[in-house]
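Once you've had a glance at the structure underneath, I'll fire off some questions.
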Amino acid sequence: MLGAQLKLALRRNLLVNLHVRKCHGLMLKILREAAGPAPGARPWRGIVHNFTFSAELAQSYLDLGLCLSVGRHVLRPSEGLRRALRMAGAQRVLLETDGEDGVMSAPEAVAQLKAQLQAVAAILQIRETELAQRMADTAMRLLKG
């Protein structure tokens, strides 16, 4: 069923938002199968939500054309997450505001986003304003298709 939905999304150039837990190998297999074997096929237009994993796993998703979004985990990143973000670069990383319980007030969300922006900018060694602009450009590209 997921494979059929993903094929439809790819055919219609729809944005996909993937939240994957404990089944990255299977998800990657489904994404590759849905895309088919055609060389030069259109890359996926979408996001791997709440990415906290290794650079190797990040590369697999990036190779398919997907972006990575990170949340509060970037405030205390593992070395693997640091490497993954460097690999993705400012053009392929977005921020999210998921709280512990899924609910945050607007001031809490703004404060968390600012802290996350600072953390990612430090990891990527670029200015926060430049990172924010690149993320905005990425979001617009994804939304416009």
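The values are calculated or read from the model by the stated rules, or taken from the named source; none is laboratory data. The structure displayed is predicted, hence computed values, not measured ones. All Cβ positions, glycine included, derive from the backbone under ideal geometry; neighbour counts span all protein chains shown. Accessible surface is based on the protein model in full, side chains and every heavy atom, while ligands, DNA and RNA are left aside. Shrake-Rupley method; radii C 1.70, N 1.55, O 1.52, S 1.80 Å.
What number of residues within region 1-25 are part of a helix (DSSP H, G or I) and open to solvent by 100 Å² or more (accessible area, probe 1.4 Å)?
Residues meeting the conditions: 2.
Further, regarding this structure: Could you please let me know if residue 127 is open to solvent by 70 Å² or more (accessible area, probe 1.4 Å), of a type outside the set (A, V, I, L, M, F, W, C) and under 22 Å from residue 27 (Cα atoms)?
Values: open to solvent by 70 Å² or more (accessible area, probe 1.4 Å): yes; of a type outside the set (A, V, I, L, M, F, W, C): yes; under 22 Å from residue 27 (Cα atoms): no.
It is false that residue 127 is open to solvent by 70 Å² or more (accessible area, probe 1.4 Å), of a type outside the set (A, V, I, L, M, F, W, C) and under 22 Å from residue 27 (Cα atoms).
Given the conditions (1) open to solvent by less than 60 Å² (accessible area, probe 1.4 Å); (2) within 30 Å of residue 4 (Cβ to Cβ); (3) modelled with pLDDT under 95; (4) not hydrophobic (A, V, I, L, M, F, W, C), and given that residue 105 satisfies all but one, which numbered condition is not satisfied?
Of (1) open to solvent by less than 60 Å² (accessible area, probe 1.4 Å); (2) within 30 Å of residue 4 (Cβ to Cβ); (3) modelled with pLDDT under 95; (4) not hydrophobic (A, V, I, L, M, F, W, C), only one is false for residue 105: (2).
Restricting attention to region 100-145, and to residues there that are of a type in the set (S, T, N, Q) and within 15 Å of the chain's Cα centre (by Cα), which single residue is nearest to residue 82 (Cα to Cα)?
First, pick out the residues of region 100-145 that are of a type in the set (S, T, N, Q): 105, 112, 116, 118, 125, 129, 133, 138.
Next, only the ones that are within 15 Å of the chain's Cα centre (by Cα) stay: 116, 138.
Details: 116: 13, 138: 20 Å.
So the residue we want is 116.
Please go through region 100-129 and give me each residue that is touching a helix residue (DSSP H, G or I) at 6+ places or on another chain (Cβ under 7 Å) and under 28 Å from residue 14 (Cα atoms), ordered by number.
Answer for region 100-129, where residues must be touching a helix residue (DSSP H, G or I) at 6+ places or on another chain (Cβ under 7 Å) and under 28 Å from residue 14 (Cα atoms): 116, 117, 120.
Separate question: Here are the criteria: (1) open to solvent by 30 Å² or more (accessible area, probe 1.4 Å); (2) assigned to a loop (DSSP other than H, G, I, E, B); (3) more than 24 Å from residue 5 (Cα to Cα). Tell me which single one residue 50 does not satisfy.
(3)
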